[in-house]
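Below is one structure, written out as structure tokens; the observations come after it.
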Amino acid sequence: MKAIIYARVSTKKEEQETSLERQVLDLEQWAEELSVDVVRVISEQYSGFDLNRPGLHELFDTLKQEKVEAVLIQDDTRLGRGEAKLAIIHQLYRSGCKIYSLQQRGELELDAGESTVLSIIAKVEELQRKMMNQKISWGMRRAVREKGFNPAKNLKNQGLGGREKKEVPLEQIVALKEKKLTYEEIAATLKGFGYDVSRATVHRRYREWKKSQEEKLQNSLEMEESR
């Protein structure tokens with residue numbers, strides 16, 4: 001099992017530096033007992049209420065790059081304090097990462113109140129995902145069934161297994177707008193076909209296209225008048 005050792009103290013006083021070194025040493029010894037593969041040791045001196053910590057950013061970057069399965073800490077307060085701690089724990093759990101506490105000599109166990117808060121956060125995120133999926137479904141249904149939009153004919157790069165497109169499909173935005181879909185419905189429809197676009201992006205691109213069409217028309221009229 002791949003793991004990261006994370007140690008933190010809140011200030012840069014000399015005694016805190018000693019405490020930080022001791023944390024790392026204790027965690028390295030415990031990692032040997034657990035027979036885990038430590039891919040990174042991260043230690044930093046920052047307030048636990050601060051989410052903008054270099055070591056914390058490094059922790060989450062390493063999780064993705066190294067496919068880490070566990071984080072070893074002295075105790076849960078090393079990750080953070082108050083709401084910051086819960087936010088970090090939630091993100092670690094979302095990443096499929098286990099948290100091992102040396103103080104508890106095993107997987108981290110939260111108190112009842114903290115567990116309830118994390119459960120509520122997870123439920124809210126689940127509902128948000130369902131609502132977004134429903135919006136995508138509504139947009140696609142309206143575009144395909146009610147407005148006569150043919151995705152096989154109008155959308156390019158099909159059959160890519162849902163791979164995210166980097167370019168915004170302007171031609172399709174215009175086609176959907178001409179069929180009287182709202183900007184939100186257009187964004188939801190395109191997301192359903194793998195385009196990661198927001199309502200604001202759709203609106204901006206359509207306005208830019210509209211403006212360019214008006215400029216072309218104006219130039220054409222001026223050229224006609226000059227003849």
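Okay, here's what the table says:
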quantity	calculated
Rough spin-label spacing in nm, given labels placed 7 Å along Cα→Cβ, for His57 and Ser198	2.0
Distance in nm between pseudo-label sites at Lys180 and Asp50 (7 Å out along the Cβ direction from Cα)	5.7
Cβ-derived FRET efficiency at R0 25 Å, Gln16 paired with Val39, nearest 0.05	0.45
Extension gain (nm, one decimal) between Gln103 and Gln213, 0.36 nm per residue minus Cα-Cα	32.9 nm
Across Lys177/Lys211; Lys180/Lys210; Lys2/Lys123; Lys64/Lys98; Lys13/Lys67, pairs whose alpha-carbon gap is larger than 24 Å	Lys2/Lys123; Lys13/Lys67
Inter-site label distance for Glu114 and Met1 at 7 Å from Cα along Cβ, in nm	1.8
Rounded accessible area of Leu221 (nearest 10 Å², 1.4 Å probe)	90
Calculated FRET value between Leu170 and Gln91, using beta carbons and R₀ = 45 Å, to 0.05	0.80
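The values are calculated or read from the model by the stated rules, or taken from the named source; none is laboratory data. All values derive from a computational prediction rather than experimental measurement. Every residue, glycine as well, gets a Cβ built from its backbone with ideal geometry; the counts of neighbours run over all protein chains shown. Surface areas here come from the heavy atoms of the whole protein model, side chains and all, with no ligands, DNA or RNA. Shrake-Rupley method; radii C 1.70, N 1.55, O 1.52, S 1.80 Å.
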